[in-house]
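Step one of this worksheet: look at the structure below.
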Amino acid sequence: MLKPHELHRAQGFPAGYIIDHTANGTPLNTSAAVRMVGNSVSPPPLRALAEASLDLASIPLAIAA
């Protein structure tokens, strides 16, 4: 099984990105960290989808910013 840091990289998260605790600070064990990676959406693929779906030239800068 891949380690959580390997899964982060496969999902497109930056090197060194770590999901090792919940929002309230509770530490995660390995299986919970792996589950969190599987439920995540990293920024690079999301940005690629947004750019492919939107005609950025037609959006006023005030709204896009």
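The values are calculated or read from the model by the stated rules, or taken from the named source; none is laboratory data. Bear in mind that the values here come from a model prediction, so they are computed numbers and not experimental data. Surface areas here come from the heavy atoms of the whole protein model, side chains and all, with no ligands, DNA or RNA. Shrake-Rupley method; radii C 1.70, N 1.55, O 1.52, S 1.80 Å.
Counting only residues that are open to solvent by 80 Å² or more (accessible area, probe 1.4 Å) and of a type in the set (Ser, Thr, Tyr), how many does the range 16-45 have?
Qualifying residue count for the region: 2.
For the range 1-15, how many residues meet the condition of being open to solvent by 90 Å² or more (accessible area, probe 1.4 Å) and within 11 Å of the chain's Cα centre (by Cα)?
Matching residues across the range 1-15 total 1.
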